[in-house]
1. Given points 7 Å out from each Cα along the Cα-Cβ axis, report the Ala142 to Arg180 separation in nanometres with one decimal.
2. Rounded to the nearest 500 deg cm²/dmol, what is the calculated helix-only ellipticity per residue at 222 nm for the chain, with -39500 (n - 2.57) per DSSP H run of length n ≥ 4?
3. Please state the charge dipole magnitude for the range 1-42, taken about the Cα centre, from unit charges on C-beta atoms (+1 on K and R, -1 on D and E), reported in debye and rounded to the nearest 20.
4. In whole Hz, what ³J(HN,Hα) sequence does the range 92-99 give by Karplus (6.51, -1.76, 1.60; θ = phi - 60°), x for Gly and Pro?
5. Label 7 Å along Cα→Cβ of Leu188; the range 98-132 residues with amide nitrogen under 20 Å?
6. Comparing Gly124, Gly135, Gly170, which has the greatest mean-square fluctuation in the GNM of the chain with Cα pairs linked when under 10 Å apart?
7. Give the long-range amide H neighbours of Val76: residues separated by 5 or more places, or on another chain, with amide H under 5 Å away, using H modelled in the peptide plane at 1.01 Å from N.
8. How large is the dipole of the chain about the Cα centre if only Lys and Arg carry +1 and Asp and Glu carry -1, each at its Cβ, rounded to the nearest 20 debye?
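Bear in mind that the values in this text are calculations on the coordinates, not laboratory data. Predicted model only: the values in this text are computed from it and were never measured. Note: ideal-geometry Cβ built from the backbone for every residue, glycine included; neighbour counts use all protein chains shown.
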Amino acid sequence: MTLLQVMPDDAPQRTLLRTRDHQLIAAELAAHGVLFERWPVRGAIDADTGDDAVLARYATEGAQLRARAGLRLVDVATLLPEENPAWRERVAQSRGTFLDEHRHAEDEVRFFAHGSGCFYLRLGGRVYAVLCEAGDLLSVPAATRHWFDMGPHPEFVAIRFFAQEDGWVGDFTGETIARRFPLLDDLLAAEPTG
């Protein structure tokens, strides 16, 4: 399930808020101009599900979002597990890159059609860790400092929306703040058991 954990940006060990309540997550993020929505999940996705099929499932919501937000380009980012050393190496490199704090010249808009990933947003002296899962749409405003953790065993299919033709272009800040905060697996390990 979707999760929001809020921490001071100078005290990552301190949790100010931890919730799985979608309405509360949306309200907390909206206060900072971040859009969080839930869309219905339309069927399972596996390695045989092509990009066109994924886009077709969410064509209505995607068209509405593009119209209201002025988004022009849409694609699908797929990272499904493979059992080979080359895949594991590619994943490790990708994970390391996205774990560095960066920002973009345009909004970063993602809809998770399958799997999960965690965005860490640095907003107003706090870090908002947003674990997105299938059905979650997150739109991070341009120039927002953030990083992304796909976890040690990544699995996701995300529809990406862009306003510009150049797609994903990261402006890396060079700051090491992300290394002080819990990784996705650490956030999940903090779940109460019972």
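1. Distance between the two pseudo-spin positions: 2.9 nm.
2. Result for the chain, helices only: -7000 deg cm²/dmol.
3. Around 240 debye, computed over the range 1-42.
4. Running phi through 6.51 cos²θ - 1.76 cosθ + 1.60 with θ = phi - 60° gives 4, 5, 5, 4, x, 5, 6, 6 Hz.
5. Zone members listed by number: 98-100, 111-121, 128-132.
6. Its mean-square fluctuation being the largest, the pick is Gly124.
7. Close amide H contacts, sequence-distant or interchain: Arg160.
8. My answer is approximately 520 debye.
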